[in-house]
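The values are calculated or read from the model by the stated rules, or taken from the named source; none is laboratory data. In this text the structure is predicted, and so the values were computed from the model without any measurement. No Cβ is skipped: glycine too gets one built from the backbone with ideal geometry, and neighbour counts run over all protein chains shown. SASA here: full protein model, heavy atoms, side chains in, ligands and nucleic acids out. Shrake-Rupley method; radii C 1.70, N 1.55, O 1.52, S 1.80 Å.
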Amino acid sequence: MSKTLRAGLAWGTPVKPDQLLTHLAAYKRTLPALQAIRLAHRFGTGPQVHITKLPVEMLLLIEDFVIEAQRQRWDPYIESELDCFESKCEPRHHWVEEDDLWDYAGPLTQCQPCEEEVTKGSYSHKNCDTRCTKDTAEPCETCSDGGMGAENCERNCHAKWEDSVNRVAQESEYNYECHEERKGSWLARINKTEFLPYEKMLKQHFGLEAYLASTVVDGNNEGRWPKHKSHRYHDSSELKTTLCYLTLPKRLAPEGVFHAEEAYGDIPDSPDAAQAIEVEIHSLSITDEQRRRFQRALKTLGLEVYLHPSQAHAYTVTPDLSLEEDSSEESGSRNSKDAAGGQWPRLLLLVKSS
């Protein structure tokens, strides 16, 4: 068994990986049209070439419209692939046609209010007799976590039916095969070879790079991992996600490969792995021009700042010149609240192991 470890410093801004992939794909499709618009605006000639008279602000609005039209061509698979990778999928989601499962799930029984709603063509379940309310002594897990609502309740009539269908789907071998295939498809999207064209485009058009790294639950900080009602269908060891940051071009430390000693018996052996790297002082500063790169990329690509809850650490890594630890509750609370908010980009220590 071996472990590969790399680390480095970079200024970065967190974004959703699936949003980055789909919006980069949309931007790539619009590049020929954008280049044509820009050339016509700058070099167009003739009495009918009115685009040359438009101010730059109007030209940018036209470009935004062209890009937004391409974003509507949503990849039908990327969302389900990431859901499977993050264990946010339900077994029934692996079937294109859920009708195949209905006969095995048994008849759908509903309370009177739900039957009346369905007859009217509504599926709100807001009047369901079985859903949790504010007076329920022990609400379901979803409602107890603050998701109280007719649609989300796990005890409404429709939720019970979905649970029955999921139980049937989970016992199928196809469920496992489809789930694993989608997880593999997601990893293929973000591997170095597949992502390389987008990496080049990011650097060429925005002067940025993308840091993509998969991670699992931190055993010492499990409470930071976001809960999801579909986790019940998966083992806790399957919970993982892909972290995604837009960064200034970075230089990671040389890749180190650490080999474990031979394992004994059934006890898995994990190698000790560590590196100490020298920090380039100039990487600690960022110019206004570099900050504008992030602003332009977020605006042009239509990206939102998104910090995965597992990365909202209570304390940042800072030099402790006084050798005195600030362990006050006020300091910890303040850092925890500010972790996901505030101004980006920020200086990040990026570590990737495999």
* Test set (1) among the acidic types (Asp, Glu); (2) open to solvent by 50 Å² or more (accessible area, probe 1.4 Å); (3) within 20 Å of residue 178 (Cα to Cα); (4) modelled with pLDDT of 80 or more - residue 81 fails condition number -> (2)
* Structure fact -> Selection over segment 203-243 where residues are in contact with a Lys or Arg (Cβ under 8 Å, 6 or more places away or on another chain) and under 14 Å from residue 352 (Cβ atoms) yields a count of 6
* Sole exception among (1) touching a residue at least 60 places away in the same chain (Cβ under 8 Å); (2) exposed (fewer than 13 other Cβ atoms within 10 Å of the Cβ) for residue 179, by number -> (2)
* Of everything in segment 147-170 that's modelled with pLDDT under 85 and open to solvent by 70 Å² or more (accessible area, probe 1.4 Å), which residue is nearest to residue 230 (Cα to Cα)? -> 152
* Tell me, yes or no, whether segment 212-221 has at least one residue that is touching a residue at least 60 places away in the same chain (Cβ under 8 Å), touching an Asp or Glu at 6+ places or on another chain (Cβ under 6 Å) and either surrounded by 13 or more Cβ atoms within 10 Å (Cβ to Cβ) or assigned to a strand (DSSP E or B) (or both). => no
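In this structure, is residue 343 at pLDDT 60 or above, closer than 23 Å to residue 25 by Cβ and open to solvent by 100 Å² or more (accessible area, probe 1.4 Å)? Reasoning before the result, please.
Values: at pLDDT 60 or above: yes; closer than 23 Å to residue 25 by Cβ: no; open to solvent by 100 Å² or more (accessible area, probe 1.4 Å): yes.
Answer is no for this residue.
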* **Count - residues of segment 231-250 that are open to solvent by 20 Å² or more (accessible area, probe 1.4 Å), in contact with a strand residue (DSSP E or B) (Cβ under 6 Å, 6 or more places away or on another chain) and in a loop (DSSP other than H, G, I, E, B)** => 2
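How about segment 63-97: which of its residues are of a type in the set (D, E, K, R) and part of a helix (DSSP H, G or I)? Spell out how you get there, then give the answer.
Quick first cut of segment 63-97, residues of a type in the set (D, E, K, R) only: 63-64, 68, 71, 73, 75, 79, 81, 83, 86, 88, 90, 92, 97.
Passing the criteria: 63, 64, 68, 71, 79, 81, 83, 92.
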* segment 10-62, subset outside any helix (DSSP H, G or I) and crowded, with 17+ Cβ neighbours inside 10 Å, residue modelled with the lowest pLDDT -> 10
